[in-house]
1. Could we say that Ala71 is without any contact (Cβ under 8 Å) to a residue 60 or more places away in the chain, touching a strand residue (DSSP E or B) at 6+ places or on another chain (Cβ under 7 Å) and open to solvent by less than 40 Å² (accessible area, probe 1.4 Å) here?
2. Just one of the numbered conditions (1) of a type in the set (S, T, N, Q); (2) over 23 Å from Leu46 (Cα atoms); (3) open to solvent by 20 Å² or more (accessible area, probe 1.4 Å) is not true of Asn97; which one?
3. How do the pairs read when you match residues in region 28-51 that are closer than 13 Å to Pro68 by Cβ with residues anywhere that are assigned to a loop (DSSP other than H, G, I, E, B) and of a type in the set (S, T, N, Q), using Cβ under 7 Å and keeping only pairs 6 or more apart or on different chains?
4. Can you pull out every residue in region 69-119 that is more than 24 Å from Leu33 (Cα to Cα) and not aliphatic (A, V, I, L, M)?
5. Return a yes/no flag: does region 112-127 have any residue that is charged (D, E, K, R) and at pLDDT below 95.
6. Checking the structure you have, find out if any residue of region 146-157 is without any contact (Cβ under 8 Å) to a residue 24 or more places away in the chain and farther than 22 Å from Ala42 by Cβ.
7. Given Gly140, Gly176, which one is of a type outside the set (A, V, I, L, M), in contact with a helix residue (DSSP H, G or I) (Cβ under 9 Å, 6 or more places away or on another chain) and surrounded by fewer than 18 Cβ atoms within 10 Å (Cβ to Cβ)?
8. Do we have Met122 as surrounded by fewer than 17 Cβ atoms within 10 Å (Cβ to Cβ), touching a helix residue (DSSP H, G or I) at 6+ places or on another chain (Cβ under 9 Å) and either of a type in the set (A, V, I, L, M, F, W, C) or under 21 Å from Ser146 (Cβ atoms) (or both) here?
Amino acid sequence: MYCMKSCVVAIMLGIFASPTLADELPKSKQTKLGLYVSAAEAGQMLSKQEAVLVDIRSRAEVGFLGLPTSAAHIPYMVMPMMADYNSEKGSYDLELNPDFPSDFKAYAEAKGLSKASPIILMCRSGSRSARAADLLADLGYTKVYSMTDGYEGDKVADGPHKGQRLVNGWRNAGLGWSYKIRAEQAYLADQ
């Protein structure tokens, strides 16, 4: 994995803010603020009410795969009506949600969050949450953590389950989630 000695230190401190860890993370999962948590650590922070969790996956991901029972949902990227097929990735392309900054600000205001409040962002596996954390950092938020293993986790490297997302992540950590989206969690654009 990409987490050895620095993860032990980070676990002892309760956060991932180590420059060493950032060097061990894939570039796609690194953020400007350098604040990282695993799903298990996020679960601990949430149980102590030390942060809020925002699920930034698309509506389709949340609709088909469920979401953490403790999360608000504000998609960072959305599926356009006529999405382009990306043959290199073997999937349809998402596009940035132009309302993400304003929708997040409205959520923060409604929750009474300051620019220094601890916020954990979660996507599927940690790359989009890093980009969204950078955007929030640009907006002045100073304690934005990217969940490095996301909702589904990283892919199995070898063996019969190669390519499946079974390594880590919110669901694989046995943390609370549901297919049912409560009204207070639902993303209601244009509201």
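1. No; evaluated as a whole, the condition is false for this residue.
2. (3)
3. Ala39/Asn168; Leu46/Ser70
4. Thr69, Pro80, Asp84, Tyr85, Asn86, Ser87, Glu88, Lys89, Gly90, Ser91, Tyr92, Asp93
5. yes
6. Within region 146-157, one or more residues are without any contact (Cβ under 8 Å) to a residue 24 or more places away in the chain and farther than 22 Å from Ala42 by Cβ.
7. Gly176
8. no
The values are calculated or read from the model by the stated rules, or taken from the named source; none is laboratory data. Small disclaimer: the values here were computed from a predicted structure and weren't measured. Please note: Cβ atoms are built from the backbone with ideal geometry, for glycine as well, and neighbour counts cover all protein chains shown. Keep in mind that these areas ignore ligands, DNA and RNA; they rest on the heavy atoms of the full protein, side chains included. Shrake-Rupley method; radii C 1.70, N 1.55, O 1.52, S 1.80 Å.
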